[in-house]
Ligand SMILES: [Fe+2]
Ligand SMILES: [Fe+2]
């Protein structure tokens, strides 16, 4: 399929030579993946008549769409970044298009995209990982960088997914002395895939760059053209889209997490006016309940819909973990898990912990006061998500310098952040951590440093079921070979009605 998706022969008319070329091109689904796609890019200087030519793949004709310019100025370096966005709507489902990104006076850059299928008509694949970073140092190399951050892009692209879910911590620009160059490296690295298929992000704690907008997300928000959430202030921080019979919800957990995860000593010490302007990277509660209200309304709508079989949440920090990196966060259990239970979320993909781990379906909590999720089922190979939500930590995208300080052979023990110590915008709050039983852990890999997961969606099987077959691919440090290491299946009846349900305490 990939071979059929190269650029079509659209007409090219170069104008004045020497103008800045389009760079860092990537595509994103709109709220309806079957009909809406946006193409986004940057330029190193103001572009003249930035626009998109788009037409059916292989066809020489095409319509032209003017792009919107959005800019931000980085608080650390003072660099102004110019981004361009061309949203498209009214497209036919499950169709391949070719496009050219055009500036007056510059060579056009080509790409392709495929719209999503409508309803339960077609099988498709998506992929996911978090915690990516960049393939080579930017600036003084303060931020994470590994060759695998490059190799994983090729490994994902080789599977030809319809789209990719990027579970936060995209490039760690907030810890770099060269944040704009770090973002440029990130998009330059992924564009060979993201120019042809959406890489749909969730904002992680390292997308919080103190001084860039009121909550540090201005770079992230400016660079992406994501489905709306009814807010200008929080545009892109949470959003949803429908692809086939799946509703995907992307959320930003910094709003609910207790951990002080966005703190950067480099930005504290080097962003001009950090103290005078009152910059504060601790974001707990920053949406003032807006995100949670949006999430509950979205989940309720998905639950009511007769056309949605699967609800998938893409987020960064986790509700459960047995690796001693950050730990899971009690704030997620308090704020989000009751909603996941009540509205029947099927699958959560996350990162933040830089290993691979997945749970049994969980619903309700165990006794003990830590809101420890209760496992429902004991077969790690095939699970019915009517029983509960399956969570996956896929944090080996590329920043895997950290190794969990846990004996891989020991039984899993949950690690939970239950609070933070004193701190301020100038001094990071330390996490208060406790241990707990981990009967929810179905499988974990604390040894393989890098990896991603693929999800093969079968919307309608003989016997009236629908399934998602999951494969985890892992690679050794410095290796381009991503080998299948874990497989499991989620399966349930097509059109299974979801009933609103109360939380349960499981005792014993
Ligand atoms: Fe990370
Ligand atoms: Fe993180």
Report summary line: Of the conditions (1) closer than 22 Å to residue 433 by Cβ; (2) more than 16 Å from ligand 1 (Cβ to nearest atom); (3) surrounded by 24 or more Cβ atoms within 10 Å (Cβ to Cβ), the single one that residue 369 does not satisfy is (3)
Query raised in the report: Which of the residues spanning region 157-180 are more than 15 Å from ligand 1 (Cβ to nearest atom) and either free of Cβ contacts under 8 Å to residues at least 24 places away in the same chain or outside any loop (DSSP other than H, G, I, E, B) (or both)?
Result: 157, 158, 163, 164, 165, 179, 180
Query raised in the report: If you check residue 302 against the conditions, is it away from ligand 1 (no atom under 16 Å from the Cβ), in a helix (DSSP H, G or I) and in contact with a strand residue (DSSP E or B) (Cβ under 8 Å, 6 or more places away or on another chain)?
Result: yes
Report summary line: The lone condition residue 432 fails out of (1) surrounded by fewer than 17 Cβ atoms within 10 Å (Cβ to Cβ); (2) assigned to a loop (DSSP other than H, G, I, E, B) is (2)
Report task. Could you look through region 346-365, keep only residues that are touching a residue at least 60 places away in the same chain (Cβ under 8 Å) and assigned to a loop (DSSP other than H, G, I, E, B), and pick out the one that is farthest from residue 485 (Cα to Cα)? Result -> 346
Query raised in the report: Considering only region 390-411, how many residues are surrounded by 14 or more Cβ atoms within 10 Å (Cβ to Cβ) and either without any contact (Cβ under 8 Å) to a residue 60 or more places away in the chain or over 26 Å from the mean Cα position of the chain (by Cα) (or both)?
Result: 2
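Restricting to region 306-345, and then to whatever is over 15 Å from residue 415 (Cα atoms) and either part of a strand (DSSP E or B) or modelled with pLDDT under 95 (or both), can you tell me which residue is nearest to ligand 2 (Cβ to nearest atom)?
That would be 314.
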Report task. Test residue 390 against the stated conditions and say whether it is in a strand (DSSP E or B) and in contact with a helix residue (DSSP H, G or I) (Cβ under 8 Å, 6 or more places away or on another chain). Result -> no
Query raised in the report: Of 229, 205, which residue is within 23 Å of residue 338 (Cα to Cα) and out of contact with any strand residue (DSSP E or B) (no Cβ under 7 Å at 6 or more places or on another chain)?
Result: 205
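Looking at 361, 422 in this structure, which one is surrounded by fewer than 19 Cβ atoms within 10 Å (Cβ to Cβ) and at pLDDT 95 or above? Break it down stepwise before answering.
Details: 361 fails: surrounded by fewer than 19 Cβ atoms within 10 Å (Cβ to Cβ).
On inspection, the qualifying residue turns out to be 422.
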Report summary line: From the option list 293, 276, single residue qualifying as in a loop (DSSP other than H, G, I, E, B), surrounded by fewer than 21 Cβ atoms within 10 Å (Cβ to Cβ) and either free of Cβ contacts under 8 Å to residues at least 24 places away in the same chain or within 20 Å of the chain's Cα centre (by Cα) (or both) is 276
**Report entry** Unmet requirement for residue 49, which otherwise passes all of (1) in a loop (DSSP other than H, G, I, E, B); (2) closer than 30 Å to residue 181 by Cβ; (3) modelled with pLDDT of 95 or more; (4) touching a strand residue (DSSP E or B) at 6+ places or on another chain (Cβ under 7 Å)
**Finding:** (4)
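The values are calculated or read from the model by the stated rules, or taken from the named source; none is laboratory data. The shown structure was predicted, so the numbers you read here are calculated from the model rather than taken from an experiment. Positions of Cβ are backbone-derived with ideal geometry, glycine not excepted, and every protein chain shown enters the neighbour counts.
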